[in-house]
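Notes follow once the structure below has been shown.
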Amino acid sequence: MTESNAKTVLRWRIHNGDLPLRQRHLRALKVLDLPEPLLGWIHERLEWAMFNMLEGKNEAVLVLDIDPANEVRLSLEDPRPAPSFGTGDLRSADDRVIGIEQTGEQFHGSVWIERDGSLYASVESLHRASDTLCHDLAKTLKFTPQTQLLTVAEVETAAAHGAAFLISDEFGFLPITAANSSEEAGGEMQEAGVPTADVHADAATAAEVTAAATSTTEDSIAGTSTIKNPDTSTPATEAIRNSFSKLWS
């Protein structure tokens, strides 16, 4: 979600002709304090778009523009390759990380790190669909999720250990490397989505995930073939990476 004086913009990934986090997206709209009739209209328009705008496409990005007068524009775009991020792409205010910016574009999503068995999101509150899913997955896997505006140095330290990442409604899980910029990180765009991480199954069962997730589609990303790898120094990061890879596999 991106907010400006002009409008609020949301970018939601469509996969296999469906919107995987539909109910979470709709709940996230409530933080915008939109009138109930407008929320109902958006819900109906979303259903209409899924049936009439895809035109046979299985992969797309649904873009929702909401201006200050509550005028809403809904459109579809082709999915973009997922970008590569380095710590030089961190966007900050008063030394607190508030997002990612690259070549002038502010990317939608929240910066997370793993530290001492806990996951920290550098936001004041979690409301995006992908953020709430990450939070619920972390709780299910017995990692403590917290919100805390992180310093640039904290994210840089985590990135040096492979424990910093962006969670995005459009791209899912994107690692943040210790490179000063995307060019040093490789500079190339990845394929949309994320590769399946090589992790081992552990005690997270389908029943546990059902308690944390809210739909069959979300449950399927973290079933018995997931999730913890006890042999990695960043078990929470690897678990979240693996879980999100299943969302768009």
Requested in this report: With respect to GLU101, determine if the residue is in contact with a strand residue (DSSP E or B) (Cβ under 9 Å, 6 or more places away or on another chain), acidic (Asp, Glu) and under 20 Å from ALA236 (Cα atoms).
Outcome: no
Report summary line: Only unsatisfied item for ARG27, checking (1) out of contact with any helix residue (DSSP H, G or I) (no Cβ under 6 Å at 6 or more places or on another chain); (2) within 23 Å of GLN106 (Cβ to Cβ), is (2)
Report task. Return yes or no: is PRO81 loosely packed, with under 15 Cβ neighbours inside 10 Å and over 18 Å from TRP248 (Cβ atoms)? Result -> no
Requested in this report: Restricting attention to segment 35-85, report how many residues are over 17 Å from ASP18 (Cβ atoms), at pLDDT 90 or above and in contact with a helix residue (DSSP H, G or I) (Cβ under 8 Å, 6 or more places away or on another chain).
Outcome: 7
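Hey, which of the strands (runs of 3 or more DSSP E) in segment 1-116, taking only ones fully inside, have at least 1 residues that are closer than 14 Å to LEU166 by Cβ and without any contact (Cβ under 8 Å) to a residue 40 or more places away in the chain? Spell out how you get there, then give the answer.
Details: elements: 8-14, 60-66, 72-77, 90-93, 96-102, 105-107, 110-115.
Answer list for segment 1-116: 90-93, 96-102, 105-107.
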Query raised in the report: How do the pairs read when you match residues in segment 232-243 that are touching a residue at least 40 places away in the same chain (Cβ under 8 Å) and closer than 13 Å to PHE173 by Cβ with residues anywhere that are of a type in the set (Val, Ile, Thr) and assigned to a helix (DSSP H, G or I), using Cβ under 7 Å and keeping only pairs 6 or more apart or on different chains?
Result: SER243/ILE221
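Evaluate segment 123-133: report whether one residue or more is touching a His at 6+ places or on another chain (Cβ under 6 Å) and small (Gly, Ala, Ser). First the steps, then the outcome.
First pass over segment 123-133, keeping only residues touching a His at 6+ places or on another chain (Cβ under 6 Å): 126, 129.
From the residues that got through so far, the ones that are small (Gly, Ala, Ser) too are 129.
Yes, some residue in segment 123-133 is touching a His at 6+ places or on another chain (Cβ under 6 Å) and small (Gly, Ala, Ser).
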Query raised in the report: When segment 47-86 is examined, which residues are found to be among the polar types (S, T, N, Q) and in contact with a strand residue (DSSP E or B) (Cβ under 8 Å, 6 or more places away or on another chain)?
Result: ASN58, SER75, SER84
Query raised in the report: Among the residues of segment 29-68, how many are surrounded by 12 or more Cβ atoms within 10 Å (Cβ to Cβ) and among the small types (Gly, Ala, Ser)?
Result: 2
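The values are calculated or read from the model by the stated rules, or taken from the named source; none is laboratory data. Since we're looking at a predicted model, the values are computed, not measured. Reconstructed Cβ throughout: ideal geometry from the backbone, glycine too, with neighbour counts over all protein chains shown.
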